[in-house]
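Reviewing the structure listed below.
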Amino acid sequence: MTEKNDKYFERKRVTRLLDTLYPICRSIMGPGYRESLEIIRKYIPFKDDIFKTGENVYDWTIPDEWSIKDAYIITPSGEKIANFKKHNLHVLNYSISVDKKISYQELVKHIYTIPKLENAIPYVHSYYDKKWGFCLKHSQFKKLPKKGKYHVYIKSRHYKGKLITSHKILKGQKKKEVMFSTYLCHPQMANHELSGPIMMTLLYDYINSLKSRKYTYRFLLCPENIGSISYLKKYGTIMKKNLEVGLILNCLAHGKNYTYKKTRIENSLINQVVKNIFINKKNNFSEVDFFPDGSDERQFSSPGFNFPFGLLMRNMYGKFKEYHTSLDNKKLFSIWYLENFK
């Protein structure tokens with residue numbers, strides 16, 4: 001965002017989206033994803049594509065949908081802990097239902113913590129391996145009594161449903177495309193999960209306002225990994241004809257510095273453009289060579305497509321301690337950093 005275009009940055013919108021989206025229990029499929037999508041749709045009029053449970057997308061299979069109503073543990077003393085309604089990271093995402101009393105020895109087989117980060121609830125998921133589990137702060141886990149019975153309760157459902165990918169195209173003078181992609185499938189995390197979709201609404205406003213566009217612009221919002229693979233299954237051939245450059249939006253609201261993960265194609269246009277912009281603006285900027293792990297750049301850059309997709313961030317995913325934990329909360333999300341992405 002430049003000073004000339006600050007009018008397209010709405011602080012009230014960013015705050016409203018952050019407050020509304022943050023508490024929703026999202027996953028790759030299910031009511032939480034659809035609820036979140038409808039909120040973003042108020043700002044970008046997406047077209048949806050549907051992929052049904054059991055459908056093959058290359059060598060992946062669309063899984064069941066998942067929904068959850070409640071979850072908690074009752075300790076031998078009667079204390080309720082791991083309360084899903086207080087923080088939805090307390091439950092293994094995609095956990096099956098359970099309702100029984102068990103020993104401490106059995107309970108620990110289903111508990112996830114981060115010993116090196118004692119006051120963080122970890123984010124853990126299990127989309128294809130049907131199991132149940134809870135996530136706790138390690139400081140709380142250490143205090144659990146080893147004697148007595150624990151009541152573990154998770155009320156969830158797995159059922160045939162649909163995976164949704166959503167895109168919007170703004171036509172330009174050329175058919176050649178610039179593509180922005182982000183995801184909306186992680187529960188109750190702020191910077192890592194929400195800065196990308198929120199930034200996308202701001203970019204869409206700005207690009208949509210231009211009286212003349214040289215390139216055509218494609219905006220994609222989908223579940224991470226399985227969503228981009230599904231999208232490639234349907235639109236990969238079209239993208240091969242028209243895609244000029246692509247950029248993943250991720251982790252944009254935390255960290256003073258800028259990080260850019262380069263495309264698999266070393267001399268791609270997007271690599272040159274990003275480097276030139278940040279060097280000329282004299283920002284604290286670092287580059288990371290492409291590697292086949294991370295976000296959706298790995299799908300778009302896979303050998304079968306080899307699209308020039310980069311990933312733009314502030315602090316890189318996995319490099320800040322709050323990543324994939326409850327510490328990635330609204331306090332970590334800096335509207336100022338998002339607003340001053342210049």
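Quick rundown of the values:
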| quantity | calculated |
| --- | --- |
| Residue in the stretch 5-20 that is of a type in the set (Ser, Thr, Tyr), at pLDDT 95 or above and assigned to a loop (DSSP other than H, G, I, E, B) present | no |
| In the stretch 305-318, the residues that are of a type outside the set (S, T, N, Q) and in contact (Cβ under 8 Å) with a residue 40 or more places away in the chain | Phe305, Phe307, Pro308, Phe309, Gly310, Leu311, Leu312, Met313, Arg314, Met316, Tyr317 |
| Thr237 polar (S, T, N, Q) and open to solvent by 10 Å² or more (accessible area, probe 1.4 Å) | yes |
| Any chance Arg26 is under 27 Å from Asn329 (Cβ atoms), in contact with a His (Cβ under 7 Å, 6 or more places away or on another chain) and modelled with pLDDT of 95 or more | yes |
| The stretch 304-342, subset surrounded by fewer than 16 Cβ atoms within 10 Å (Cβ to Cβ) and of a type in the set (S, T, N, Q), residue farthest from Ile114 (Cα to Cα) | Asn306 |
| Test: residue in the stretch 194-212 that is surrounded by 15 or more Cβ atoms within 10 Å (Cβ to Cβ), within 25 Å of Pro122 (Cβ to Cβ) and at pLDDT below 95 | no |
| Lone qualifier among Ile24, Ile62, Ile68, Ile50 - being under 30 Å from Pro303 (Cα atoms) and open to solvent by 10 Å² or more (accessible area, probe 1.4 Å) | Ile50 |
| Condition broken by Gly78, with the remaining ones in (1) surrounded by fewer than 16 Cβ atoms within 10 Å (Cβ to Cβ); (2) touching a residue at least 60 places away in the same chain (Cβ under 8 Å); (3) small (Gly, Ala, Ser) satisfied | (2) |
| Residues that are out of contact with any helix residue (DSSP H, G or I) (no Cβ under 7 Å at 6 or more places or on another chain), open to solvent by less than 90 Å² (accessible area, probe 1.4 Å) and either closer than 30 Å to Tyr72 by Cα or at pLDDT below 95 (or both), drawn from the stretch 153-177 | Tyr153, Ile154, Ser156, His158, Tyr159, Gly161, Lys162 |
| Of all residues in the stretch 221-275 being aromatic (Phe, Trp, Tyr) and part of a helix (DSSP H, G or I), the one that is farthest from Arg298 (Cα to Cα) | Tyr235 |
| Of all residues in the stretch 107-141 being free of Cβ contacts under 8 Å to residues at least 24 places away in the same chain and under 20 Å from Ser77 (Cα atoms), the one that is most open to solvent (accessible area, probe 1.4 Å) | Val108 |
| So Gly236, is it closer than 29 Å to Leu163 by Cα and either touching a helix residue (DSSP H, G or I) at 6+ places or on another chain (Cβ under 7 Å) or at pLDDT below 95 (or both) | no |
| Unmet requirement for Arg218, which otherwise passes all of (1) in contact with a strand residue (DSSP E or B) (Cβ under 8 Å, 6 or more places away or on another chain); (2) in contact (Cβ under 8 Å) with a residue 60 or more places away in the chain | (2) |
| Only listed residue being small (Gly, Ala, Ser), touching a Ser or Thr at 6+ places or on another chain (Cβ under 7 Å) and loosely packed, with under 15 Cβ neighbours inside 10 Å, chosen from Ser286, Ser301 | Ser286 |
| Boolean, Asp99 is at pLDDT below 95 and open to solvent by 40 Å² or more (accessible area, probe 1.4 Å) | no |
| Test: residue in the stretch 283-292 that is outside any helix (DSSP H, G or I), over 18 Å from the mean Cα position of the chain (by Cα), free of Cβ contacts under 8 Å to residues at least 60 places away in the same chain and farther than 27 Å from Leu338 by Cα | no |
| Exclusive hit being touching a strand residue (DSSP E or B) at 6+ places or on another chain (Cβ under 7 Å), among the β-branched types (Val, Ile, Thr) and surrounded by 13 or more Cβ atoms within 10 Å (Cβ to Cβ), set Ile277, Ile270, Ile265 | Ile270 |
| Selection count, the stretch 240-262, where residues are crowded, with 19+ Cβ neighbours inside 10 Å and more than 23 Å from Phe320 (Cβ to Cβ) | 3 |
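The values are calculated or read from the model by the stated rules, or taken from the named source; none is laboratory data. Quick caveat: nothing in here was measured; it's all calculated off a predicted structure. All Cβ positions, even for glycine, are placed from backbone atoms using ideal geometry, and neighbour counts span all protein chains on display. Heavy atoms of the whole protein, side chains included, go into the accessibility calculation; ligands, DNA and RNA do not. Shrake-Rupley method; radii C 1.70, N 1.55, O 1.52, S 1.80 Å.
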